[in-house]
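See below for the structure under consideration.
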Amino acid sequence: MEKNLTEKTLTIGVIAKPQGIRGEVKVIPYTDGCESFSGLKRVFIDGEEVKILSVRLGADAVFLGLKGVPDRNAAELLRGKELTIPREEAPDPGEGRFYIADLLGAEIVTEEGELLGVLKEIRQASADIYFLDRDGKEILFPAVKGVITGVNVAEKRITVCKKRFDEVAVI
């Protein structure tokens, strides 16, 4: 769902810009969809709690009215700020879905147990791009059907099909 994690918070989006003259902000979500913002009552900006007064969903952005942000000038000061929520308030990602933060640092292994590297970064695109580190060398691969065959969050292990991985990986 998010980009970064401390043990207690999830980063769920970034404020892109003010929207209109009444203090509303446009948020680019780090979540799978804008709908996850609908049930939120508060977010944290720079560690400070901010109550959400209104939520409007767009196709690829969320528009929030925030307490203490009465006009465009106040909203402008929030440009580029990330929004976090307490981890315990995050919705369950659902079957077969995971928070990015829970995957970072996972070992990438083949079905035969060969260690390919450690997951360092995920960039969201039409297919997520996984960046792994193998002995200081960066390897990229898309998380497309047939490549990832298993994910074990508790063991921090992602299993891939070696044949498909070799077909799509960029070294």
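A few notes on this one:
- The conditions of being among the aromatic types (Phe, Trp, Tyr) and either touching a Leu at 6+ places or on another chain (Cβ under 7 Å) or more than 26 Å from Ser36 (Cα to Cα) (or both) are met by Phe131.
- Pair list, Cβ under 7 Å, 6 or more apart: segment 149-161 residue assigned by TED's automatic domain parsing to the domain that holds Thr110 and within 14 Å of Arg97 (Cα to Cα), other residue of a type in the set (Ser, Thr, Tyr) and surrounded by 15 or more Cβ atoms within 10 Å (Cβ to Cβ): Thr149/Thr159; Gly150/Thr159
- Of all residues in segment 80-94, those that are surrounded by 12 or more Cβ atoms within 10 Å (Cβ to Cβ) have Cβ atoms under 6 Å from Cβ atoms of residues that are aromatic (Phe, Trp, Tyr), 6 or more apart or on another chain, in Thr84/Phe44; Pro93/Tyr99.
- Residue check, Phe98 surrounded by 14 or more Cβ atoms within 10 Å (Cβ to Cβ), aromatic (Phe, Trp, Tyr), at pLDDT 90 or above and not in a strand (DSSP E or B): no
The values are calculated or read from the model by the stated rules, or taken from the named source; none is laboratory data. Nothing here was measured: the structure is a model prediction, and the numbers come from that model. With ideal geometry, Cβ positions are generated from the backbone for all residues, glycine too; neighbour counts draw on all protein chains shown.
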